[in-house]
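Asks: Sharing a structure below in structure tokens format, with a few things to ask.
The values are calculated or read from the model by the stated rules, or taken from the named source; none is laboratory data. Everything quoted here is computed from the prediction, not taken from an experiment. Neighbour counts run over all protein chains shown; Cβ positions are idealised from the backbone, glycine included. Heavy atoms of the whole protein, side chains included, go into the accessibility calculation; ligands, DNA and RNA do not. Shrake-Rupley method; radii C 1.70, N 1.55, O 1.52, S 1.80 Å.
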Number of protein chains: 2
Amino acid sequence: MSQIAKTPAPPYYAVIFTSIRTEGDQGYGQMAEQMAALASQQPGFLGVESAREGDGAGITVSYWESLDAIKSWREHSVHQIAQEKGREIWYGSYTTRICKVEREYSF
Amino acid sequence: MSQIAKTPAPPYYAVIFTSIRTEGDQGYGQMAEQMAALASQQPGFLGVESAREGDGAGITVSYWESLDAIKSWREHSVHQIAQEKGREIWYGSYTTRICKVEREYSF
């Protein structure tokens with residue numbers, strides 16, 4: 001992440017994806033870039049922020065116009081394959097939280 | 001962050017704090033530890049997750065039982081001092097988003 005996402009005035013939606021990576025890259029870096037690029041082309045995509053510590057714990061937050069936009073992205077065929085490989089190879093554990101953003105303020 | 005926060009069944013609330021750090025520590029590390037410890041003692045606190053990249057971009061998500069719990073923590077006198085120093089010294093920019101967590105699933 002190099003920048004804070006420029007999101008519109010609330011309400012909109014956020015997907016908080018917190019994960020613990022397994023060791024080694026095993027194609028993860030390439031997949032992560034591809035998924036970020038593909039997500040940004042989906043209808044209703046508003047932005048994404050991501051940070052990962054050296055110990056493998058990371059947080060990615062993507063922002064969306066609606067719950068329908070989130071559902072469509074979750075069910076996207078290419079994203080589905082990445083999700084499967086995520087459970088098989090890349091992630092030791094993860095939690096996904098679907099949220100409605102009610103207020104936002106910046107400095 | 002070493003672990004994913006163990007939160008209860010939704011609904012509950014999340015504060016997504018995305019920030020870009022200024023250069024150098026300048027007391028930031030100590031303050032961050034103190035604030036994490038103090039936050040965890042507040043009524044309605046459910047958990048916290050945090051990750052920062054080497055380039056200074058970071059995401060901290062704290063989880064709370066209610067909007068009132070979030071408001072009380074934001075207005076806590078010691079936290080207020082940290083927020084002021086954050087704007088003066090530690091952060092180049094940040095965005096805070098207050099969210100209602102509607103769904104959660106884990107692997």
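Asks: Taking the conditions exactly as written (basic (Lys, Arg), open to solvent by 40 Å² or more (accessible area, probe 1.4 Å) and not in a helix (DSSP H, G or I)), does residue B:6 satisfy them or not?
Replies: Yes; evaluated as a whole, the condition is true for this residue.
Asks: Look at the stretch A:33-45 and say how many of its residues are surrounded by fewer than 19 Cβ atoms within 10 Å (Cβ to Cβ) and either among the hydrophobic types (A, V, I, L, M, F, W, C) or part of a strand (DSSP E or B) (or both).
Replies: Within the stretch A:33-45, residues that are surrounded by fewer than 19 Cβ atoms within 10 Å (Cβ to Cβ) and either among the hydrophobic types (A, V, I, L, M, F, W, C) or part of a strand (DSSP E or B) (or both) number 5.
Asks: What is the number of the single condition among (1) under 24 Å from residue B:52 (Cα atoms); (2) modelled with pLDDT of 95 or more that residue A:70 does not meet?
Replies: Residue A:70 satisfies all of (1) under 24 Å from residue B:52 (Cα atoms); (2) modelled with pLDDT of 95 or more except (1).
Asks: Do the conditions hold for residue B:41, that is, is it more than 9 Å from every other protein chain (Cβ to nearest Cβ), without any contact (Cβ under 8 Å) to a residue 12 or more places away in the chain and more than 24 Å from residue B:89 (Cα to Cα)?
Replies: When the stated conditions are applied, residue B:41 passes them.
Asks: Out of the stretch B:83-107, which residues are under 17 Å from residue B:24 (Cβ atoms) and more than 7 Å from chain A (Cβ to nearest Cβ)?
Replies: B:85, B:86, B:88, B:89, B:90, B:92
Asks: Considering only the stretch A:51-70, how many residues are assigned to a helix (DSSP H, G or I) and either surrounded by 13 or more Cβ atoms within 10 Å (Cβ to Cβ) or within 11 Å of chain B (Cβ to nearest Cβ) (or both)? I'd like the intermediate steps shown before the answer.
Replies: Of the residues in the stretch A:51-70, the ones assigned to a helix (DSSP H, G or I) are A:67-70.
Retained after the next criterion (residues that are either surrounded by 13 or more Cβ atoms within 10 Å (Cβ to Cβ) or within 11 Å of chain B (Cβ to nearest Cβ) (or both)): A:67, A:69-70.
Summing the residues that are assigned to a helix (DSSP H, G or I) and either surrounded by 13 or more Cβ atoms within 10 Å (Cβ to Cβ) or within 11 Å of chain B (Cβ to nearest Cβ) (or both) in the stretch A:51-70 gives 3.
Asks: For the stretch B:9-31, enumerate the residues that are in a helix (DSSP H, G or I) and either in contact (Cβ under 8 Å) with a residue 60 or more places away in the chain or crowded, with 17+ Cβ neighbours inside 10 Å (or both).
Replies: Correct list: B:28, B:31.
Asks: Let me ask something additional. If a residue must be among the aliphatic types (A, V, I, L, M) and open to solvent by 10 Å² or more (accessible area, probe 1.4 Å), how many such residues does the stretch A:83-107 contain?
Replies: Looking only at the stretch A:83-107, we keep the residues that are among the aliphatic types (A, V, I, L, M), and these are A:89, A:98, A:101.
Then drop every residue that is not open to solvent by 10 Å² or more (accessible area, probe 1.4 Å), which leaves A:89.
Total meeting the criteria: 1.
Asks: Also: Within the stretch B:71-107, track down each residue that is of a type in the set (Asp, Glu) and assigned to a helix (DSSP H, G or I). Before you say what the answer is, go through the steps one by one.
Replies: Kept after step one, since they are of a type in the set (Asp, Glu), are these residues of the stretch B:71-107: B:75, B:84, B:88, B:102, B:104.
Listed by number, the residues that qualify are B:75, B:84, B:88.
Asks: Does residue A:74 fit the bill of being under 26 Å from residue B:60 (Cβ atoms), among the charged types (D, E, K, R) and more than 7 Å from chain B (Cβ to nearest Cβ)?
Replies: Spelling it out, residue A:74 is indeed under 26 Å from residue B:60 (Cβ atoms), among the charged types (D, E, K, R) and more than 7 Å from chain B (Cβ to nearest Cβ).
Asks: Looking at the stretch B:52-59, can you tell me whether even one residue there is within 11 Å of the chain's Cα centre (by Cα) and either touching a residue at least 24 places away in the same chain (Cβ under 8 Å) or under 20 Å from residue A:4 (Cα atoms) (or both)?
Replies: Scanning the stretch B:52-59 turns up at least one residue that is within 11 Å of the chain's Cα centre (by Cα) and either touching a residue at least 24 places away in the same chain (Cβ under 8 Å) or under 20 Å from residue A:4 (Cα atoms) (or both).
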